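Okay, structure first, notes after.
The values are calculated or read from the model by the stated rules, or taken from the named source; none is laboratory data. Model, not experiment: these values are computed from the prediction. Counting neighbours? That spans all protein chains shown, and the Cβs are built from the backbone with ideal geometry, glycine included.
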Amino acid sequence: MSAAKGAVTGHHAIIREWVQLYTNGMYAWAYHKTTDKALAEDLVQDTFLAALQSFDKFKQESQPKTWLFSILNNKISDHFRQQFRHPVVNETEGGLSFFFDEEDEWRKERRPQTWNTTDTHILDNPDFRKILQHCMHLLPGNWLAAVKLKYLEEKEGKDICQDLQITPSNFWQIMHRAKLHLRNCLENNWFKK
Amino acid sequence: MKRVLKKIFLPCTIATEMIEKDIYFKLSALEKLRLFLHTGLCGMCHRYQKHSRLLHRILTELHHEHEHPQAPKEEEQAALKEKITNRLEKN
């Protein structure tokens, strides 16, 4: 066996071991971020393949888990970037006229109501989390992608704009529409209860 | 009169947009003043602002929590590991 071939076999063996050790945590993380089982599986698989292909870049002094999660996080962000670039937006549903009338004032039936919440740990409530996920998944794909990119990457608005190659006004208009819908959905399904 | 007021104090569409701009970017001093006046007079946009900030906090917490990722079921874990191992073999 040549030295090069032996090294490749060695890499395979190490990655196989990592698959056993880290798949569960990585899958749970990918699912937590995407709330899509099939997608989470694909992202984890792609991560291990990328790790195998770029094994030479792995610095032995760093933790494999840290390295794998950094690849996985990049894959998750790439997914949302791609989702953002292939928008499917229904303007009738997504337009401001859903919320505001011709005078640019709130439509009576969409006016924000008072939310009775003093709960500072609302995310600890699994029922609320379900509703939140449900409402997020009702957003058009590119809006959801923009929301996730913003909150996944902890980036400043201007950096996201650079990343997505959009203007700041594009970005906050997307966030505006996404938040209008998300707020409305949460009000109807949770805070109005 | 209403139209004049609207021009001075912004329509609700723009006010809510500025509320978002304020969260993700910075508003100029003039924009801040106009938004402050608008939300002082418009109870609905004032509520929207409170809700939007709460949503911002919830989303920030949701995406940065590390403690509660849902664990996959055991059979799912095993199947996924096998699938990945098989795919690795082909590469």
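List the pairs whose first member sits in segment B:54-79 and is over 18 Å from A:Glu154 (Cα atoms), whose second member is assigned to a helix (DSSP H, G or I) and at pLDDT below 80, and whose Cβ atoms are under 9 Å apart, counting only residues at least 6 apart or on separate chains?
Matching pairs, first to second residue: none at all.
Pick from segment A:6-46 the residues that are over 16 Å from the mean Cα position of the chain (by Cα) and hydroxyl-bearing (Ser, Thr, Tyr): which of them is nearest to the other protein chains (Cβ to nearest Cβ)?
So the residue we want is A:Thr23.
Out of everything in segment A:94-117 that is more than 11 Å from every other protein chain (Cβ to nearest Cβ) and of a type outside the set (D, E, K, R), what residue ends up being farthest from A:His32 (Cα to Cα)?
The residue in question is A:Phe98.
Show the residue pairs that are 6+ apart or on different chains and have beta-carbon atoms under 6 Å apart, the first residue being within segment A:180-191 and over 10 Å from B:Tyr48 (Cβ atoms), the second being among the β-branched types (Val, Ile, Thr) and buried (at least 17 other Cβ atoms within 10 Å of the Cβ).
Cβ pairs passing all conditions: A:Asn189/A:Ile131; A:Trp190/A:Ile131.
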